[in-house]
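The values are calculated or read from the model by the stated rules, or taken from the named source; none is laboratory data. Just so you know, these numbers come straight off a predicted model, no measurement behind them. Neighbour counts are summed over all protein chains in view; Cβ atoms, including those assigned to glycine, are modelled from backbone coordinates with ideal geometry. All accessible areas refer to the heavy atoms of the entire protein, side chains included, with ligands and DNA or RNA removed. Shrake-Rupley method; radii C 1.70, N 1.55, O 1.52, S 1.80 Å.
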Amino acid sequence: MSRILRFLEGVDSRRLLPLAALVMLPAFFLGFFGDDFFHLILIDGKQVTAVPLEPYCFAPGNAEAMSANLRSGPFPWFVGLEAKAKFFRPLSVALMRLDCALFGQSFPGFQAHSLLWYLLLCLGALLVFRRVLPPAACALALVIFMVDDAHFFPAAWWSNRNAVVACAPAVLGLAAHLRWRETGWRPGLPLSLLGYAVGLLGAEAVVGILAYVAAYEAFGAEDGRIRRALCLAPAATLALGYFLWYRAAGYGAANSDMYIDPGAAPLKYLAAAPQRFLQLAGGQFLSIPCEAEVLFSWLAPAVAVGGAGALALVLLLVAVFWRRMDPRERRALRWVGPGTAMASAPALSAIMTSRLLLAVSLGGAVILAVVLRQAWLAARETGTPAKRRAAAAVAGLLFFLHLVFAPLSWPVQTAGLRAVGAHLNRGILRNPLDQADIARKQVIVPCVPDPYAGIYPPIIRTHAGLPLTRSWWTLSFAPHDHRLTRTGERTMELEVLGGEMLEGAFERLLSSSENPLRPGDTRDLDGMVVTVLATGEKGPVRIRLDFAEAPEAERYLFLMRKNGQFEPFAPPAVGESLLLPFSLRS
C-alpha cells in the first residue's frame, strides 16, 4: 500500500489515464446481455409488442397502448396501464445505431466505442481534479475514479452506456466552468454550456453533474453572492429549460414504485429519498451493493443501515483530519462534499443499483482520496500507537476497497454476468418446442423464477430469428411455490403458496402501490381474462383465469420453467390441481 501511495504522490496524473483502458479490458469479453437484445431488435426494425416501442421507452404511459401490449406480451398482466418509463436520450440512441451500422453484431466493436467514451469521462475527471486538488491527492482521486467498481455497468454494458455518454461532456463542461471561474478563462462559459447541452442529449444523468456547478457557486467560489448567482444563472437556466421541456414533451416515469419522478410525485420521492440516499452512500464509500434491494427487497433497510454507517465514518474522518489537510483539500471539500450529496438527487428517483453512482463518484473520489491520503500520512507520523493503528486500519480498509477490490471486481463482474446471461439465454433458446407451430400459440407461463425468464424470451427469440409467439403471458414472478387448479371447463385458479405477487423490485418497476390491484379487478388479454380473487399487502395471492376456449385447445401452449428451460405441460383436468414448485424453476 505504501509503495503505491508514494508512487501516486510523485506521478504526473496524466500518465495514469491508460489505466482506464486496462481496467475495462476484461469487459470486451462480456457480450450482449438483457436490454441489449431489446435495443438491437428495435434498431433492426423488429418488434415484440403490439404497439411498437422505442429505445429507452419501456412503457408509454398510455392505457390503450399498454393494454394492447399486455395482450401480446411480454409485459405481464399486472403492470399498471398508465405506467410510464420514457426517457429522452437521442444522442445515445444515435450512437447505438452507429454501432450497429459499423459493427453489425460484433460486440468488441461496440465495446471499443464505449471505451472511447469512458476515456473521455476520465479525462474530464482528471481536469476537474487537477483544478481542485494538490497533485498527490489529484492522482489518487483519478485512480479511485477510474477503477471504481460502480462504473462497470455504465462503462461495460452497452444498454447503460448512455450514462457515460451524458456525463463525459458534462464533466468536461464542469472543468471548463471551474477554469473560467478560477482563472477568468473566457471560453470556459460557452464551453461549459456546450458540454452540459451535449450531455443532456445523452441522458438525464447530466443533472447530477450540474449539481456540482451549483455547489461550487454556493460553497466554493470566493467572490460575492451576486457575482456567484450571475455565474450560476446560465447553467441553471439551461437546467430549468430542460426540465420544463422534458415534462411538457411527456418524458419521465410515472405509476411505478421503483421509478419515482420527483416532478410528478414529489411527496413519494421525498418519502423514498432518505433510505435510497443511504443505500447510495454505502455503495460509494464502502462498496456495499446497492443491488441488494433488487435481489431481496427485505434487505433494503439493512443496506441503508450500512450506508448510514459508511456516511458517519466518512464524516468522522473528515472532521478528524480537517486541520491537517492541505488548504486546497479543505477548500475542495467545502463544496465537493455538498455537491456529492446533491449529485445523488437525480439517482434517488430510479431503481437502486450501483450504476447510479456515476455522477456521485466524481465527488466521492475527491473525498475518498483526501481521507485515504490523510489516514496514510497519520499512520506514518509520530503519535500514540493506538492512533497510528487506527489511522493504518482506516487507510488499509479504504485502500483495499477502492484500489484492490474495485479493479478486481471488473473481471469478476464480467465473468459472472457473462455466465448468467449465457445460462438464461440457453434456457430460452434450447427448448423442446415446435418452432414452426409456436407462432400460432398463445403461451401461458404460470410462474417463473425471475423477471428475465418471464419477460425476455420473446425478445431473445426475436433476436435469434426464431418465430414470435402470438401471445406470451407470464402470470407470476413470485419466488414461491404455486398451485394451478382447474375449476371448470374453461376456468382455472392460480394461487401463490406462502407469499404474494409484486413482492420483488422488478415486479413493481411498472406498477404502483398507490394504485394496487384489488379483488375483482380484471385484465382481458384477448383469449384469457385474469381476475384478482384475493390480495395480500403488496399484490395478488390468488387469481382466476377465464379462457376463451378450453385450455386444451390448439391455440394455447402451457409452459413451465424446469431444469433451466421451458417445457410444455398439460393443464390439469377439471377438479384437479398441479403443484408448481419454486425449486424446479432455476
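Positive end of the charge dipole of region 118-242 (Lys, Arg +1 and Asp, Glu -1 on Cβ, about the Cα centre): tell me which of Ala136, Leu201, Tyr216 has its Cα farthest that way. Among Ala136, Leu201, Tyr216, the one farthest towards the positive end of the dipole of region 118-242 is Tyr216. Note on Glu182: accessible area is roughly 70 Å² with a 1.4 Å probe, heavy atoms of protein only. Share of antiparallel DSSP beta bridges in region 356-513, in percent to the nearest 5? Taking every DSSP beta bridge within region 356-513, about 60 percent pair in antiparallel fashion. Estimated at 0.36 nm per residue, the fully extended path between Ala68 and Asp12 surpasses their Cα-Cα distance by 14.3 nm.
Evaluated on region 493-538, the Kirkwood hydrodynamic radius is 11.8 Å, with distances taken between all distinct Cα atoms.
The calculated FRET efficiency for Phe29 paired with Leu295, based on their beta-carbon distance and R0 = 25 Å, is about 0.55. Using only Cα atoms, locate the centre of region 331-389 and the centre of region 440-499, then give the distance between them in Å, rounded to an integer. Centre-to-centre distance over Cα atoms comes out at 45 Å. Each 10 Å bin, from zero up to the one with the longest distance, holds this percent of the alpha carbon pairs of region 382-476: 13, 29, 17, 12, 12, 9, 6, 2. Note on Met1: accessible area is roughly 80 Å² with a 1.4 Å probe, heavy atoms of protein only.
Here Lys441 is the anchor, and the lysines within straight C-alpha reach of less than 23 Å, apart from those fewer than 8 places off in the same chain, are Lys46, Lys562.
Counting 0.36 nm for each residue step from Arg518 to Arg227 and taking away their Cα separation leaves a gain of 99.1 nm.
Each residue was assigned an accessible area with a 1.4 Å probe, and for Leu98 the value is about 80 Å².
Sort Tyr196, Tyr452 from largest to smallest accessible area, using a 1.4 Å probe on the heavy atoms of the protein chains.
Descending order: Tyr452, Tyr196.
Counting every alpha-carbon pair across region 1-75, the share separated by more than 15 Å comes to 70%.
Between Ser106 and Ala197, full extension at 0.36 nm per residue minus the direct alpha carbon distance yields a gain of 29.7 nm. Only lysines eight or more places from Lys268 in sequence, or on another chain, were considered; those with a Cα closer than 21 Å are Lys84, Lys86, Lys538.
When the Cα positions of Met501, Ile455, Thr485 are compared along the charge dipole of region 428-512, Ile455 comes out farthest toward the positive end, with charges on each C-beta of Lys, Arg, Asp and Glu.
By DSSP, what percent of the beta bridges with both residues in the chain are antiparallel, rounded to the nearest 5? Close to 85 percent.
Ratio of Rg to Rh for region 94-172, alpha carbon only, Kirkwood?
Working: Rg = 14.0 Å, Rh = 13.3 Å.
Rounded to two decimals, Rg/Rh equals 1.05.
Computed over every Cα-Cα pair of region 471-562 and binned at 10 Å starting from 0, the pair-distance distribution P(r) comes out as 16, 49, 31, 5 percent.
Across all directions, the average projected area of the convex hull around the alpha carbons of region 234-301 is 6.1 nm².
Model label points for Leu533 and Ser583, set 7 angstrom from Cα along the Cα-to-Cβ axis, are 2.6 nm apart.
Return the FRET efficiency for the residue pair Leu429, Leu408: r is the Cβ-Cβ distance, R0 is 22 Å, and the value is rounded to the nearest 0.05.
Values: r = 32 Å, r/R0 = 1.46.
Given R0 = 22 Å and the Cβ-Cβ separation, E is 0.10.
Starting from region 411-502, pick out the GluC sites (Glu not before Pro) whose DSSP state is loop and whose Cβ has at most 11 other Cβ atoms within 10 Å. If you can, show how the numbers build up before the last one.
Details: sites: Glu489, Glu493, Glu495, Glu500; in loops: Glu489, Glu500.
Listed in order of number, the matching sites are Glu489.
Within the shell of other residues whose beta carbon sits under 13 angstrom from the beta carbon of Ser513, the net charge comes to -2, with Lys and Arg scored +1 and Asp and Glu -1.
Farthest toward the positive end of the dipole of the chain, out of Leu127, Phe285, Ala112, is the Cα of Leu127, where the dipole comes from beta carbon charges about the Cα centre.
In what order, largest first, do Trp157, Trp322 sit by accessible area if the probe radius is 1.4 Å? Walk me through the numbers before you get to the answer.
Working: Trp157 25, Trp322 80 Å².
So the residues, ranked largest to smallest area, are Trp322, Trp157.
When Rg and the Kirkwood radius Rh are both evaluated on Cα atoms of region 257-377, their ratio Rg/Rh stands at 1.01. Note on the chain: helix-only mean residue ellipticity at 222 nm, from DSSP H runs of 4+ residues weighted -39500 (n - 2.57) and normalised by residue number, equals -16500 deg cm²/dmol.
Just by accessible area at a 1.4 angstrom probe, what is the order of Lys46, Lys441, Lys86 from largest to smallest?
On the way: Lys46 80, Lys441 20, Lys86 60 Å².
Largest accessible area first, the residues go Lys46, Lys86, Lys441.
Residue by residue, region 371-378 carries 3J(HN,Hα) couplings of 5, 4, 5, 5, 5, 5, 5, 5 Hz when phi is fed to the Karplus relation 6.51 cos²θ - 1.76 cosθ + 1.60 (θ = phi - 60°); x denotes Gly or Pro. Taking every C-alpha pair closer than 8 Å and separated by at least 6 residues, the mean separation divided by the residue count of the chain gives a relative contact order of 17 percent.
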